1. Would you mind computing Rg(Cα) / (2.2 N^0.38 Å) for region 46-150, counting N as its residues?
2. Using label points projected 7 Å from each Cα along Cα→Cβ, tell me how many nm separate Tyr79 and Ile53, to one decimal.
3. For Rg/Rh (Cα atoms, Kirkwood Rh), the listed values are (1) 0.97; (2) 1.03; (3) 1.06; which was obtained by calculation from the structure presented?
4. For the pair Glu31/Thr11, report the inter-label distance in nm, with labels modelled 7 Å from Cα in the Cβ direction.
5. Over region 5-198, consider all pairs of different Cα atoms and compute the Kirkwood hydrodynamic radius from their mean reciprocal separation; express it in Å, one decimal.
6. Give me the number: length gained by fully extending Ser411 to Glu45, i.e. 0.36 nm times residue separation minus the C-alpha to C-alpha distance, one decimal in nm.
7. Taking only Cα atoms, what is the 0 to 90° angle, nearest 10, from helix 383-399's long axis to the longest principal axis of the chain?
8. Excluding Gln78 itself, what net charge comes from residues whose Cβ is under 15 Å from its Cβ, given Lys and Arg +1 and Asp and Glu -1?
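Just so you know, all these numbers are worked out from the coordinates, no wet-lab data involved. Remember, predicted model here, so these are calculated numbers, not experimental data. Every residue, glycine among them, receives a Cβ derived from its backbone with ideal geometry; neighbour counts consider all protein chains shown.
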Amino acid sequence: MGKTIYLDGDTLTLEDIAAVARGGAPAALAEAAAARIEQSRALVEKAIDEGRIIYGLNTGFGKFSNVAISEEQLDELQYRLIMADCVGVGDNFKTEIVRAIMLLRVNALAKGFSGIRKSTVQTLLDMLNKGVHPLIREKGSVGSSGDLCPLAHMVMPMIGEGEAEYQGKVLPGAEAMRRAGISVISLKAKEGLALINGTCAMMGVAALAVYDAVKLVKTADIAAALTVEALRGITDPYDIRVHQARPHSGQLDVAENLLTLTKGSGMTTRQGELRIQDAYTLRCVPQIHGASRLALDYVKKVIETEINSATDNPLIFPDNGDVISGGNFHGQPVAIAMDTLGIAIAEIANVSERRIERLVNPALSEGLPAFLVLEGGLNCGFMVAQYAAAALVSENKILAHPASVDSIPTSANQEDHVSFGTIAARKARTIVEHAWRVLGIELLCAAQGIDLREGEKKLGIGSMAAWEHVRSHVCMMKKDIAIYHDMDKIYDAICHGGLLQLVEEAVGDLR
């Protein structure tokens, strides 16, 4: 289960999100956050008593913001808001994303600017901790006003509606809550809007995509190093002096990683030993991987800020009682960041596929047999594995077209610019998954190339650890097999099987 993650609205990390979403770690409100929530709610109650007109509390929504709602209809207003916004289409989000969404919504509410009751927040927390996972459809959000549609689906089981997964079964929302021992609630004034107005759906996708991308770029360096070994690549281009002359941090980090991983190798070469220069896909790994790392640094900073932000509307400021209708729900910061992530990781996959081509092409592979197999002709070897990588990187190129440059008006032009941040996040996540697959194929091919040079010379310390990890999951391919099984195994091995951890145990933490 892991340690309890305390939510205070300010200190949640990507690692915390992964621990809860994937590892099942419990979450709880920090005491200070609970006090802020109660203070903010007291101001909502006071505003109702005073008859103040506040958007979303006693008015309609969007274009209906000028329509006043009577005090007798305030609770019904919130219920109807949730029902009206449940328009999701497509497949349901995976459970880990649903859990991330729920966690992020609680953390945003924990900042104390939303006017929700603490008991309502606790209901959402209880669902998270007891494994009541609302069915949330992937599509239907334009990313402004936040993620109204997916978050409305999140709320449905809380009020005894919709569907939820509980203990492996999909149940009506009310039944899932009953089996988990959680009471359904009646939403009070402002609460429906507080629960659904914000960026937490796009962020549930984005946070896990960024968490994975941080591991992926290091794994890409490991795959590249193993390919350099298999192709007897030249290490001079990784000399730190080259990169100090153009001191981008990502470039410097990748060059240092490559030298660390190949340290002690007898298979790498120096310039002029076998040839003067390598092709760009080997020689320029620091520049190419490094550029993606620079973009990832920016993306990570944006997402880490958004994780601990209040993104609903209006915001309530307990210090002086001000209630301000603003636009923190607008997903543009996330949209641009996730489009950037998609482009950056698509490039990681692009260059990996080109290294695969060098490994399988006998005109480029420095003496390795065609398609990395003996008895070529009878066997196709890794010929069609490269096709699969090519298909994925080509699909990535389509997915990398930015969503954030598009917009379409909604709510009768009241919401006349939208972010498409949820679409950007979903696309980026798919690109990250594709990149893991392509890196897996590269590792399979590089390990095969190493084995076909058996008896030549030893590998570098990090490359040896990587090769051993690959071979602990799949064997050298001596004749054609249904290779998708090995591709699945190596995908699991690098995503979940500890390749990065084992390599870092051998060489120390990579940059």
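1. Dividing the Cα radius of gyration by 2.2 N^0.38 Å gives 1.19.
2. 2.7 nm
3. Looking at Rg/Rh (Cα atoms, Kirkwood Rh) for this model, the match is (3).
4. 1.3 nm
5. 16.8 Å
6. Values: separation 366, 0.36 × 366 = 131.76 nm, distance 2.85 nm.
Taking 0.36 nm per residue and subtracting the Cα distance, the gain is 128.9 nm.
7. 40 degrees
8. Once positives and negatives cancel, what remains is -4.
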